[in-house]
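The values are calculated or read from the model by the stated rules, or taken from the named source; none is laboratory data. Note that the coordinates shown come from a computational prediction; the quantities given were computed from them, not determined experimentally. Note that we place each Cβ from the backbone using ideal geometry, even for glycine, and neighbour counts take in every protein chain shown.
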Amino acid sequence: MRRSPPFNQMAQPGIVAIDVAILVGGDVAERAREVNLALASGRADALRFDDTHLPHLTLAQQFVERARLQELLAELDRIARHEQGLSLRIRGPVVDHGTVQLPVEPSPDLQRLHELVMDAIQPFESPEGGVEAFHAEGETIRPRDAEWVRNYRERAAYAHYRPHVTVGHGATAPPVTPAAFRADRLAVCHLGRFCSCRAVLRTWTLT
């Protein structure tokens, strides 16, 4: 397991909205970016992948206390030391209430990692998070973004976990051929608009 240098946390109070995720690379990332570009074309207000909007596979999203962020990163570091990269596979795109996703085929190892992260993050969660906990940087955070994170544990985790890579928004999506990929880059990211992975706080390479 290799990890990035420690995140130099700014001394500021409050809550931060985070995503513990697998950052998607290689051919699957390229396919995700192609679909994203097609969906965003001609729309001023759209999710656009770039250096600070990263294709990813969410393991957990939560509001956490900023003062305890380093403790959480240390706990995830202990998990990452014992985890190996996963061999996963995306399916063709689906549209879920206007959000276009590339579903990831269910995997016992992926489900186990998701539940392990959800269990680890629980002691650090805060019920107080809102739009101010997101990484805005010129973008308007939607109330529905905060609502999604606030209800993630009850609505999208454990038995409700449906792994996917979000690629944009629309009523339809261009076809994508199913493909395998190696999931070996674990990250903690500060969430932005559309619950996108914006600022990367820490990464680990699972070997």
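Quick notes on this structure:
- Segments classed as strands (runs of 3 or more DSSP E), wholly inside region 14-111, with at least 3 members that are modelled with pLDDT of 95 or more: 15-23, 56-65, 86-90, 99-103
- Residue 166 being touching a strand residue (DSSP E or B) at 6+ places or on another chain (Cβ under 9 Å), at pLDDT below 95 and either closer than 25 Å to residue 115 by Cα or of a type in the set (Val, Ile, Thr) (or both): no
- Looking only at region 132-144, and only at residues there that are under 17 Å from the mean Cα position of the chain (by Cα) and part of a helix (DSSP H, G or I), the one that is surrounded by the most Cβ atoms within 10 Å (Cβ to Cβ): 133
- Note on region 145-159: among residues that are over 10 Å from residue 61 (Cβ atoms) and among the aliphatic types (A, V, I, L, M), the one that is surrounded by the most Cβ atoms within 10 Å (Cβ to Cβ) is 146.
- Looking at 48, 43, just one residue is without any contact (Cβ under 8 Å) to a residue 40 or more places away in the chain, farther than 27 Å from residue 126 by Cβ and surrounded by 13 or more Cβ atoms within 10 Å (Cβ to Cβ), and that residue is 48.
- Whichever residue in region 162-180 is polar (S, T, N, Q) and not in a strand (DSSP E or B) and, among such residues, is nearest to residue 43 (Cα to Cα): 172
- Test for residue 113: is it surrounded by 20 or more Cβ atoms within 10 Å (Cβ to Cβ) and touching an Asp or Glu at 6+ places or on another chain (Cβ under 9 Å): yes
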